[in-house]
Amino acid sequence: MATEQREALVISSIAFEHGGVIPVQYTCEGSGVNPPLHIKNIPHGTQSLAIIAEDPDTSKGVFDHWLLWNIPVVNHIAENVVPGISGTNSSGKTGYHPPCPPDGSHRYFFYVFALDNELQLSAGAHKKDMQQAMKDHILASGTLMGRYQRQKNTTPA
């Protein structure tokens, strides 16, 4: 069972700084692969990691870009990998859905969670199910935020 006071993970990326611009290769205008993430301060007792990546700046509410759980306890997640079980993102698919804002600059939050267990969820589960399964099992969490504005005048993917 997780303690009442959560510790803070430190999340960073060699691809962009917190609050910085996400490079094109990690968006719909590039390769569309997930960016690399570095995780520090993983607490003792962590059994798995989980990631929720989302864009809160859409006109229709929060868009879920990446739901991933049961990631082995590691300090680095490489780009273009699926190190855990994928949930269904807001595009109705599993896996990483790259940033592709239809207008203006959007913020993309990569939330990483250290859990005291592995989640008993089937692949393709939705965010609300993931959040419910994580409840009372989060030992620590951290956030990395990047921004992106489309460079080309094309229809979003």
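Amide hydrogen proximity for Gly20: with H placed 1.01 Å from N in the peptide plane, the residues at 5 or more positions away or on another chain lying under 5 Å are Arg147. Taking max minus min of the alpha-carbon positions on each principal axis, the range 15-70 gives extents of 38, 26, 20 Å, largest first. How big is the gap, in Å, between the Cα center of the range 16-43 and the Cα center of the range 101-157? Cα centroid of the range 16-43 versus Cα centroid of the range 101-157: 12 Å apart.
Once the Kirkwood radius over Cα pairs is known for the range 1-152, the Stokes-Einstein relation at 37 °C and 0.692 mPa s delivers a diffusion coefficient of 212 µm²/s. Close amide H contacts of Gly32 (hydrogens built in the peptide plane, cut-off under 5 Å, sequence separation of 5 or more or a different chain): Tyr26, Thr27.
What the phi angles of the range 100-117 give under the Karplus curve with 6.51, -1.76 and 1.60, with θ = phi - 60°, is a coupling list of 7, x, x, 7, x, 8, 10, 9, 10, 9, 9, 9, 10, 10, 9, 10, 8, 7 Hz, glycine and proline written as x.
Provide, for the chain, the number of lysine pairs with alpha carbons under 19 Å apart, each pair being eight or more places apart or on different chains. Numbers along the way, then the final one.
On the way: Lys60/Lys93; Lys60/Lys127; Lys60/Lys128; Lys93/Lys127; Lys93/Lys128; Lys127/Lys135.
Total qualifying Lys-Lys pairs in the chain comes to 6.
Each residue of the range 53-70 was assigned a 3J(HN,Hα) from its phi angle through the Karplus curve 6.51 cos²θ - 1.76 cosθ + 1.60 (θ = phi - 60°); the sequence is 10, 8, 10, x, 9, 7, 6, 9, x, 5, 9, 7, 9, 7, 10, 8, 9, 6 Hz, with glycine and proline shown as x.
Once both labels are positioned 7 Å from their Cα atoms along Cα-to-Cβ, the gap between Gln25 and Lys152 label points is 1.8 nm.
Where a number appears in this text, it was derived from the coordinates with a stated rule and is not lab data. Everything numeric in this text was worked out from a predicted model, so none of it was measured. Glycine gets a Cβ as well: all are built from the backbone with ideal geometry, and neighbour counts include every protein chain shown.
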